[in-house]
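The values are calculated or read from the model by the stated rules, or taken from the named source; none is laboratory data. All figures in this text were calculated on a predicted structure; none of them were measured in a lab. With ideal geometry, Cβ positions are generated from the backbone for all residues, glycine too; neighbour counts draw on all protein chains shown.
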Amino acid sequence: MNQIEEIKKRLDIVDLIAEYVKLNQSGSSFKALCPFHNEKTPSFYVSPEKQIWHCFGCSKGGDAFAFLKELEGVEFPEALRILANRAGGKLEYRNPEFHNRKSRLLDLCRTMAEHWHRILADDQSAEFVRNYLKERKLNSETIEAFSLGYARDEWDDAIKYLQSKDFSLHEIAEAGISVVSQKGKVFDRFKGRLIFPIRDVHGNTVGFTSRKMKEEDQGGKYVNSPQTDIYNKSEILFNLDLAKTEIKRLNYAILVEGNMDAIASWQSGARNVIAVSGTALTLDQIRLLKRYTINVMIAFDADTAGAQANLRGIDLAWQTGLNVKVIHLPEGLDPDDVIRERPEKWKELIKASANFMDYIFEVTLAGLNLSRVDHKKLAAKKILPLIAKLGDEVEKSHYLRKLSSALGVAEEVLQGVLKAMPVKPPEATEPRSVIKPIDHEQAMAEQLLSLLLAFPEQLKLVIQHLRPEEISFFPAANLYKDLVIEYNKGEQLAENSLAESLDPDRANYLSQLSLYADKDFFSERPELVSREISQLVNRLKTCYVRKRLQSLGQELEEAEKRSDQQLVEELSREFSQLTRQLNQ
């Protein structure tokens, strides 16, 4: 058994897909709204028995690898790595196509994270860092969960270690581990710093955040990995790999600004926490978060300025349908401060979270004297642009009425100001799949084949009445030939045996139709199945005969023009036979 088959054997495709979409059982399969196109009625099906998925709306489908490649936009090597990690196996790169450039960078970052983590745990040089973490009240479980590390205060410790593991200087630079000085000397980017590995949603280490441990050290308090082929900070939510299960269970996420805030919250027991790591919330991060929930609580600074600074991402969150609440922090404190001083206070603040607009009203109006016209104008100037950005019209109307009441200004007046405001549209999203309508004859042929796969005892009768050439949709006609050949080997249909003998595309088509049968016919009674098959055979034959009659009419006309009497008689006989057959 090769590595790919071993990974498939260890994984359950239902568990994998359930991380991304809400699955509901439907007979022996599971169904959901398709994540690849907009739809209101579920047409996305997953078969636990066959370990495949297929959407009958947009026609996409395949195995676990195909799902990840489609959803994550990754190539096969990355999909292989992700699934291998989930299966608890270690890849052996015997085939070079499994180990492309990105895979090498991911291996390098994992190797470096493990090395730095070991130094923090055991090395004498890291004793003062371990003491620092104790002062920050981080326990050993948390340090292990986040793989915190320490980079020795040496110019080339990381470079030498990675070279000993057969990584080149070029790869070390590509991963952002090394930098080049103005004099051309290569040295470690993170030397002498506390290391926070940055992991993607699948747990792959893609970059690092580092904290200065000595005031005399050069550089900022925090130094991060640069953008690389595997790390784009606008697409990463820190701790989502650990938090995603809890986010799905609770159906909301807590969003904080810094890595230490997320780590402290996780240790306190609020484990549905993620961080943006110093960036405004981006559209890519929102899309990623929406796989798991549409509800988010954001821990802002206590003042209005802190809230305003985060609005660059919040307007996107509104316009893309996220429900946003605010955790109102005490003045001058961030989540890490609150948790270290009094962990139970953090949970109280979470429970007391307020709707974002209510929070804006509170902090904006608190410092104003609304008996003064200039203060009313100032309040309207601050709040109306936020109301304008709300994506839901009901919510927009509610807060417009609230502002009207608070200011003592007619709602119609505020409505007029609101309508005059230019609202920047949300960032363009990638186009959804264009669904090509399925031809009627294709639908009939595929329905017949799926019934035969579900009820193979019906094939004997169908063979007697339907020839492959009477199916006009070629993929279905070819697969029908395969079914007939397989059946004639021993008057039985072994789907697994047939799949092994087909090329990958035809085997995938076979799996798709097999899932179609599970979707529509899992509970049908035998007599109803027989009737349905008979009707489908008759319809397919009727379509074939009508097309052939139309073609014969043209051939007869051409034969008569050429005065080819023998051909005219042959075509006329066939025309009469098909006409009688059609009438029957």
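A few comments on the model shown:
- When residues in region 27-62 are screened for being part of a loop (DSSP other than H, G, I, E, B) and within 15 Å of Ile17 (Cα to Cα), 11 of them pass.
For (1) of a type in the set (Ser, Thr, Tyr); (2) more than 22 Å from Ile254 (Cα to Cα), each residue gets a yes or a no:
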residue	(1), (2)
Ile350	no, no
Ser353	yes, no
Ile360	no, no
Val363	no, no
Asn369	no, yes
Asp374	no, yes
Leu378	no, yes
Ala388	no, yes
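- Those residues of region 268-281 which are crowded, with 18+ Cβ neighbours inside 10 Å, assigned to a loop (DSSP other than H, G, I, E, B) and touching a residue at least 60 places away in the same chain (Cβ under 8 Å), in sequence order: Ala270, Ser277
- Hey, Ile198 assigned to a strand (DSSP E or B), surrounded by 20 or more Cβ atoms within 10 Å (Cβ to Cβ) and modelled with pLDDT of 90 or more or not: yes
- Residue pairs whose Cβ atoms lie under 7 Å apart, sitting 6 or more positions apart in sequence or on different chains, and linking a residue in region 336-356 that is assigned by TED's automatic domain parsing to the domain that holds Trp266 to a partner that is charged (D, E, K, R) and assigned to a strand (DSSP E or B), are Ser353/Lys325; Ala354/Lys325; Asn355/Lys325; Phe356/Lys325.
- Scanning region 81-102 for residues that are surrounded by 13 or more Cβ atoms within 10 Å (Cβ to Cβ), touching a Phe, Trp or Tyr at 6+ places or on another chain (Cβ under 8 Å) and either at pLDDT below 80 or over 15 Å from Glu5 (Cβ atoms) (or both) turns up Leu91, Phe98, His99.
- Filtered residue count, region 444-462, keeping only those that are surrounded by fewer than 16 Cβ atoms within 10 Å (Cβ to Cβ) and either at pLDDT below 70 or not charged (D, E, K, R) (or both): 1
- Scanning region 124-160 for residues that are touching a strand residue (DSSP E or B) at 6+ places or on another chain (Cβ under 8 Å), outside any helix (DSSP H, G or I) and closer than 18 Å to Thr111 by Cβ yields a total of 8.
- Of the residues Ala264, Ala253, the single one that is in contact with a Ser or Thr (Cβ under 9 Å, 6 or more places away or on another chain) and under 22 Å from Glu72 (Cβ atoms) is Ala253.
- When the helices (runs of 4 or more DSSP H) confined to region 482-565 are screened for residues that are modelled with pLDDT of 85 or more, those reaching at least 1 such residues are found at 526-561.
- Contacts under 6 angstrom Cβ, first residue in region 533-558 being farther than 12 Å from Val462 by Cβ and of a type in the set (Phe, Trp, Tyr), partner in a helix (DSSP H, G or I) and modelled with pLDDT of 85 or more, 6 or more apart: Tyr544/Glu470
A quick yes/no check of all residues on (1) outside any helix (DSSP H, G or I); (2) among the hydrophobic types (A, V, I, L, M, F, W, C); (3) assigned by TED's automatic domain parsing to the domain that holds Tyr292; (4) at positive phi:
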| residue | (1), (2), (3), (4) |
| --- | --- |
| Phe187 | yes, yes, no, no |
| Arg211 | yes, no, no, no |
| Leu255 | yes, yes, yes, no |
| Trp266 | no, yes, yes, no |
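- Filtered residues of region 374-395 (kept if under 33 Å from the mean Cα position of the chain (by Cα), under 14 Å from Phe361 (Cβ atoms) and assigned to a helix (DSSP H, G or I)): Pro385, Leu386, Ile387, Glu395
- Residue match in region 249-264 (condition: surrounded by 20 or more Cβ atoms within 10 Å (Cβ to Cβ) and basic (Lys, Arg)): no
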